[in-house]
Amino acid sequence: MRLNVAGRRSVLVTGGAGYLGSVTCARLIECGYRPVVLDDYSNSHPTVIERIARLTGEPVRCIRGDVRDGALLDDLLAREAVVAAIHFAGLKAVGESASRPFDYWDVNVGGTLSLLRALDRAGVRRLVFSSSAAVYGQSQQLPLAEDSPQAPANPYGHTKLAAERVIADVAATHPDWAAACLRYFNPVGAHPSGLLGEDPRGVPNNLMPYLAQVAVGRRKALTVHGNDYPTFDGTGVRDYIHVLDLADGHIAALRHLQTNPGVHCFNLGTGAGHTVLQLKAAFERACGHALAYRIGPRRAGDVAACVADPTRAREVLGWRATRDLAQMCADTWRWQRMHPAGYPD
Ligand code: NAD
Ligand code: UFG
């Protein structure tokens with residue numbers, strides 16, 4: 001086993017300064033790993049790395065750079081004795097992916113290819129990949145199991161599905177390859193310390209950060225995108241999962257890959273769906289005041305409901321989400337209250 005000087009197993013974390021990557025780095029350290037972050041800060045702040053160090057009491061190694069830079073990866077892998085990689089780096093805005101397909105394919109698929117190539121050259125054949133429920137698209141049958149039909153509804157989903165395909169093809173070339181494609185449902189919440197959270201640039205696309213910004217007074221009112229869906233109250237249903245549960249899913253996957261070569265896909269969700277209005281009500285309970293909202297038209301490309309069947313992750317990885325909607329809202333609110341304008345620049 002390759003250990004670094006401190007005797008800890010080092011893991012390369014691309015995109016480790018981002019929302020999900022930062023919380024996962026903190027959990028990795030708590031679980032005895034040593035994250036080595038590669039991030040170009042295109043959607044994050046260097047201050048995040050200091051926060052992780054403050055939170056865990058451990059210095060965090062971070063290299064600023066682009067995951068598509070093969071020479072940089074070669075150099076990094078030659079210097080750092082990593083045992084595995086977790087690949088978060090990517091572009092993630094569904095709407096934007098339709099107007100910037102070149103960038104989405106380049107970063108999400110090109111970045112994955114570049115990383116796979118470098119890992120293979122270095123003989124580090126263990127990878128956990130940030131995939132998405134977007135690979136399923138509009139499915140008639142809920143909850144979604146890993147073998148549900150895959151028909152992405154947007155370029156973002158296509159890039160995630162293509163990256164999964166590339167991983168499977170590369171993994172088939174060498175018996176040592178072990179990879180886990182983790183299909184996240186709707187990650188929300190923040191680190192309970194309030195030090196790490198989601199800090200979207202500009203107007204948030206996603207529901208939870210939008211609610212948080214209304215609660216803190218940065219936005220006037222939430223627009224609910226449609227209330228005529230065939231759901232409990234007419235608004236969209238999603239499977240919200242706490243970012244810490246998601247981070248723990250990565251630790252479970254890393255452990256699984258130690259003894260299980262091949263490619264494995266897992267849904268990371270709770271198995272429970274909540275509507276937009278239910279999430280709004282839960283956030284109101286967390287922040288202690290009513291949140292203004294209005295009903296708008298449906299948002300193009302939205303599905304009525306998207307809920308995971310997380311059985312495989314429970315049975316194979318021994319992982320399950322444990323944090324409820326109240327905790328997701330309480331932690332988001334703590335983070336937003338402590339950082340009304342997001343991370344300091
Ligand atoms: P994020 O934007 O907060 O984090 C991504 C990080 O990658 C950022 O720090 C960014 O600076 C970095 N990055 C982007 N392009 C890079 C490049 N070419 N080279 C190096 N670094 C680069 O996003 P997140 O919410 O933490 O999501 C992480 C991953 O999870 C993404 O791949 C995303 O597609 C996937 N995912 C996210 C969600 C979600 O709702 N947040 C849902 C499903 C899947
Ligand atoms: N919504 C609103 N108002 C808003 C924002 C969202 O009503 O201002 C509604 C949406 O219509 C939807 C629900 O809130 O019904 C959740 O929307 P999000 O934008 O928060 O999340 P999505 O389910 O659309 O997308 C998320 C990620 C994608 C990922 C997908 C599936 O953003 O990256 O989950 O994993 F692909």
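At-a-glance table
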read-out: Matching residues, the range 272-285, being surrounded by fewer than 19 Cβ atoms within 10 Å (Cβ to Cβ) and of a type in the set (G, A, S); value: A272, A281
read-out: Those helices (runs of 4 or more DSSP H) lying entirely in the range 1-87 with at least 2 residues small (G, A, S); value: 19-30, 70-79
read-out: Only listed residue being buried (at least 20 other Cβ atoms within 10 Å of the Cβ), closer than 26 Å to V316 by Cα and not β-branched (V, I, T), chosen from A133, A118, A215, A168; value: A133
read-out: Of all residues in the range 315-336 being part of a helix (DSSP H, G or I) and surrounded by fewer than 14 Cβ atoms within 10 Å (Cβ to Cβ), the one that is nearest to ligand 2 (Cβ to nearest atom); value: A326
read-out: L144 being surrounded by fewer than 21 Cβ atoms within 10 Å (Cβ to Cβ), of a type outside the set (S, T, Y), within 15 Å of ligand 2 (Cβ to nearest atom) and touching a residue at least 40 places away in the same chain (Cβ under 8 Å); value: no
read-out: Residue match in the range 268-282 (condition: assigned to a loop (DSSP other than H, G, I, E, B), more than 11 Å from ligand 2 (Cβ to nearest atom) and farther than 16 Å from A133 by Cα); value: no
read-out: Any hit, the range 221-241, residues being over 26 Å from R165 (Cα atoms), in contact with a Gly (Cβ under 6 Å, 6 or more places away or on another chain) and either of a type in the set (A, V, I, L, M, F, W, C) or surrounded by 24 or more Cβ atoms within 10 Å (Cβ to Cβ) (or both); value: yes
read-out: Tabulated pairs, the range 286-298, first loosely packed, with under 12 Cβ neighbours inside 10 Å, second assigned to a helix (DSSP H, G or I) and not β-branched (V, I, T), C-beta under 6 angstrom, 6+ apart or interchain; value: A290/E284
read-out: Residue within the range 172-193 that is over 26 Å from L113 (Cβ atoms), touching a helix residue (DSSP H, G or I) at 6+ places or on another chain (Cβ under 7 Å) and more than 16 Å from ligand 1 (Cβ to nearest atom) present; value: yes
read-out: Unique match (being more than 24 Å from P175 (Cα to Cα), more than 16 Å from ligand 2 (Cβ to nearest atom), under 19 Å from the mean Cα position of the chain (by Cα) and not small (G, A, S)) among R61, R51, R126; value: R51
read-out: Residue count for the range 111-148, restricted to those that are assigned to a loop (DSSP other than H, G, I, E, B), within 24 Å of Y229 (Cβ to Cβ) and more than 13 Å from ligand 1 (Cβ to nearest atom); value: 8
read-out: Checking V203 against (1) away from ligand 1 (no atom under 15 Å from the Cβ); (2) among the aliphatic types (A, V, I, L, M); (3) farther than 18 Å from A93 by Cα, the condition it does not meet; value: (3)
read-out: Residue list for the range 311-327, filter: among the small types (G, A, S) and under 19 Å from the mean Cα position of the chain (by Cα); value: A313, A321
read-out: Pairs where the first residue, in the range 37-59, is free of Cβ contacts under 8 Å to residues at least 12 places away in the same chain and the second is part of a loop (DSSP other than H, G, I, E, B), C-beta under 8 Å, 6+ apart; value: A53/P59; A53/V60
read-out: Pairs where the first residue, in the range 233-255, is touching a residue at least 12 places away in the same chain (Cβ under 8 Å) and aromatic (F, W, Y) and the second is within 13 Å of ligand 2 (Cβ to nearest atom) and part of a helix (DSSP H, G or I), C-beta under 8 Å, 6+ apart; value: Y240/M208; Y240/L279; Y240/M328
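Residue-wise test of (1) crowded, with 18+ Cβ neighbours inside 10 Å; (2) hydrophobic (A, V, I, L, M, F, W, C); (3) in contact with a Ser or Thr (Cβ under 7 Å, 6 or more places away or on another chain).
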| residue | (1), (2), (3) |
| --- | --- |
| D40 | yes, no, no |
| N43 | yes, no, no |
| L55 | yes, yes, yes |
| E80 | yes, no, yes |
| V83 | yes, yes, yes |
| K92 | yes, no, no |
| D106 | no, no, no |
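No value in this document is a laboratory result; all are computed from the given coordinates. Treat the numbers as computed from the prediction; the structure is a model and nothing was measured. Virtual Cβ from ideal backbone geometry, glycine too; neighbours counted across all protein chains shown.
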